[in-house]
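The values are calculated or read from the model by the stated rules, or taken from the named source; none is laboratory data. Everything numeric here is computed off the predicted structure, so don't read it as measured data. We place every Cβ from the backbone using ideal geometry, glycine too, and count neighbours over all the protein chains shown.
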Amino acid sequence: AALVVLWDTPPIGPALDGWVRGGGGIAIVAGHRLAARSYASPLLPATITGTADRLNDRGGTFGELSIDHPLFTPFRDARASLGVARFLRYPRLRAAAGTDVIARFDDGLPAIVERRDGAGRVVMLAVPLDARNGDLPLQPTFLPLLRRLVLHTSGHESSPLWKVTGESWNPQAIARVPVVSTPSGEIVRPVADSSGAAVALTEAGVYSLYDGRVAGEPAAVIAVNPPPGESDLTPVDSRELLLGVRLSDDAVDAA
């Protein structure tokens, strides 16, 4: 097994600690049972301080999202689809030190938190995954989000083979201490924050990822290409060029 899912139940016993450090993954789905009691476990990436009740305002929604995080890969071009689900009740999480908040509700409370421990990771969700406390299971985003939760938390990540300049790359899911060599030879050590450790892809060429220091074989490589539109050989209408020149002349006259 590569993943343990704890549905509204606390981690039991110390055996999971070493298992996570060795590369295992735990997904903790917090609910009313965890919110009703106080559990002290080093595995929990957040403490629960009660329950948020959003019945009076028709439910809360997702607010701030770390859209470059691997959990949200299917939604990078359809971010608005994540804002449709409504959440009526959810635990109030307080993220522990060294924990990344990768999603928040619209009231600012953490919705999804993650903590790396050795080679493994623990992800805790305050997002209700049942149809009683929200309608996420009725939304088209439900299954893609759960699939990404399983793949990411269990460590089954596939590195993209190519991207386009102007995009970003979050290699933190592949390397614990990411060090990136750019096509020009510059060494980049991205600083991890709530959005992960994203690298801005400003150059065309091959980026190489290392763990800790640039030595040996890279942990991953990615080819970055210019946007396809820059290779469009369709002739430009001469009237558009004349319009551009005319607008530029008008701007100079106005100045």
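A few remarks follow.
- The one condition in (1) assigned to a loop (DSSP other than H, G, I, E, B); (2) closer than 22 Å to PRO227 by Cα that PRO128 fails to fulfil: (2)
- LEU43 being among the hydrophobic types (A, V, I, L, M, F, W, C), surrounded by 13 or more Cβ atoms within 10 Å (Cβ to Cβ) and outside any strand (DSSP E or B): yes
- Residue that is surrounded by the fewest Cβ atoms within 10 Å (Cβ to Cβ) [pool: residues in region 60-119 that are among the aromatic types (Phe, Trp, Tyr) and farther than 24 Å from ARG33 by Cα]: PHE75
- Top-ranked residue in region 54-78 [being among the β-branched types (Val, Ile, Thr) and within 10 Å of the chain's Cα centre (by Cα); ranked as farthest from PRO144 (Cα to Cα)]: ILE67
- On the stretch given as region 47-64, residues that are outside any helix (DSSP H, G or I), of a type in the set (Asp, Glu) and under 15 Å from GLY134 (Cβ atoms) total 1.
- Check on LEU55, closer than 20 Å to ALA36 by Cα and surrounded by fewer than 16 Cβ atoms within 10 Å (Cβ to Cβ): yes
- Count of residues meeting criterion [assigned to a loop (DSSP other than H, G, I, E, B), at pLDDT 90 or above and among the polar types (S, T, N, Q)] in region 166-212: 3
- Residue tally, condition touching a strand residue (DSSP E or B) at 6+ places or on another chain (Cβ under 7 Å) and aliphatic (A, V, I, L, M), over region 55-95: 7
- When region 17-40 is limited to residues that are outside any loop (DSSP other than H, G, I, E, B), of a type in the set (A, V, I, L, M, F, W, C) and modelled with pLDDT under 90, the one that is farthest from the chain's Cα centre (by Cα) turns out to be ALA36.
- A single member of VAL113, VAL150, VAL127, VAL123 is modelled with pLDDT of 90 or more, under 28 Å from SER41 (Cβ atoms) and in contact with a Pro (Cβ under 6 Å, 6 or more places away or on another chain), and it is VAL113.
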